[in-house]
Every structure is written in C-alpha cells, then in structure tokens.
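First up is the structure itself, then whatever we jot down about it.
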Amino acid sequence: MSKENILLILWIIFGFTFVAAIDSILYFFIHLVYFALSEFGLSLTFLTYFIPTITLLSYFFTILFLFKKIKTNSNSEGIYLISFPKKTFILFVILALLLKPIASKLSGLYAEYYIPIQEVAASDYLGFYGLMHATFAVSRWGAIIIVAFIYLKKYQSLKLKSK
C-alpha cells in the first residue's frame, strides 16, 4: 500500500474521530445542562420540551460554526495529504472515548438520586429520558444529512463549472 493511501485512510479515521469527539462533547454538554436545570427545580414537563430543543439547536449551531471555521478551499487538485496531526487525533480519541461514558454514568447516578428526591414517577422519568436520547439520534443523523447535502450541492456546482 502506498504512503498516500495510508495517509488517506488515516485522514478518514481522523474525520470519524473528529465527528465522534464533537458528538461526545455535545452529548456531555446537554447532560450537564439537564443536570443543572433539574437542580434549579425546573419541572420534568418543562425539561421534556426544553432539552430536545436545546439539543437540536446545539447540533445545528455546531454545524454552522464548523462550516465557518473549516477551510475547504484549496489551490491543489486532487487529494494531497502531506502530514497527519497525531496530537489532535489522540485528543479526539480521548474525548470520544471518555465523555459519553462519563455522561452516561453521571446520568445513571443522577437518576438514582433524582427520582426519589423529586417524587417523580419512574415512568415519567423514563419517558423523558427516552425522548432525550431519541432527540440525540435525530440530531446526529440530521447533522450528517445536512452536511452531506451541503457538500453534494458544492460538488455538483464544481462539477458543472468544470464542464
């Protein structure tokens, strides 16, 4: 296998870990928002509407932020991969591997503490928790679809310009 092909594979893995790290950061952040709002005494009914909304908005604004920060224009033709950012890659792997399990563990501990203290019915809490995680799934796939659609449009416009 050539050096260029190995670098291409490494960059694909880098992209995967980048997306996983961003997703883990958002997952952790939303859980922290949920814990904080719950501790302020906001009702589960309010949180049932607020947390999915803040999740969708977080993913949407992250996409907008990344589109503004990531440079996709290049003066070169084709794929020229010269070096690989090992330290950044390791940071993304650590974030992707640690933040979700930490958030899940904190969520379990919080549920154990929250339900008896707040006198919330377990079924209501489980319904909220299911909705919260369904919103994560919709947000993740929505983000992937939006990014793919935008880049397919860019690709089509470049293809038409080259004809």
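The values are calculated or read from the model by the stated rules, or taken from the named source; none is laboratory data. These numbers come from a predicted model, not from an experiment. Here Cβ is always computed from backbone atoms with ideal geometry, including for glycine, and neighbour counts include all displayed protein chains. When the accessible area is computed, the model is the full protein with side chains, heavy atoms only, and any ligands, DNA or RNA have been set aside. Shrake-Rupley method; radii C 1.70, N 1.55, O 1.52, S 1.80 Å.
Okay, residues lined up against (1) modelled with pLDDT under 85; (2) of a type in the set (Phe, Trp, Tyr); (3) open to solvent by less than 50 Å² (accessible area, probe 1.4 Å); (4) touching a Lys or Arg at 6+ places or on another chain (Cβ under 8 Å):
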{"position": "THR45", "(1), (2), (3), (4)": "no, no, no, no"}
{"position": "PHE65", "(1), (2), (3), (4)": "no, yes, no, no"}
{"position": "LYS87", "(1), (2), (3), (4)": "no, no, no, no"}
{"position": "LYS100", "(1), (2), (3), (4)": "no, no, no, no"}
{"position": "LEU106", "(1), (2), (3), (4)": "no, no, no, no"}
{"position": "TYR113", "(1), (2), (3), (4)": "yes, yes, no, no"}
{"position": "TYR129", "(1), (2), (3), (4)": "no, yes, no, no"}
{"position": "SER162", "(1), (2), (3), (4)": "yes, no, no, no"}
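Screening the candidates PHE40, PHE35, PHE29 for the property of being under 20 Å from the mean Cα position of the chain (by Cα), within 30 Å of ASP124 (Cβ to Cβ), open to solvent by 70 Å² or more (accessible area, probe 1.4 Å) and at pLDDT 80 or above yields one hit, PHE29.
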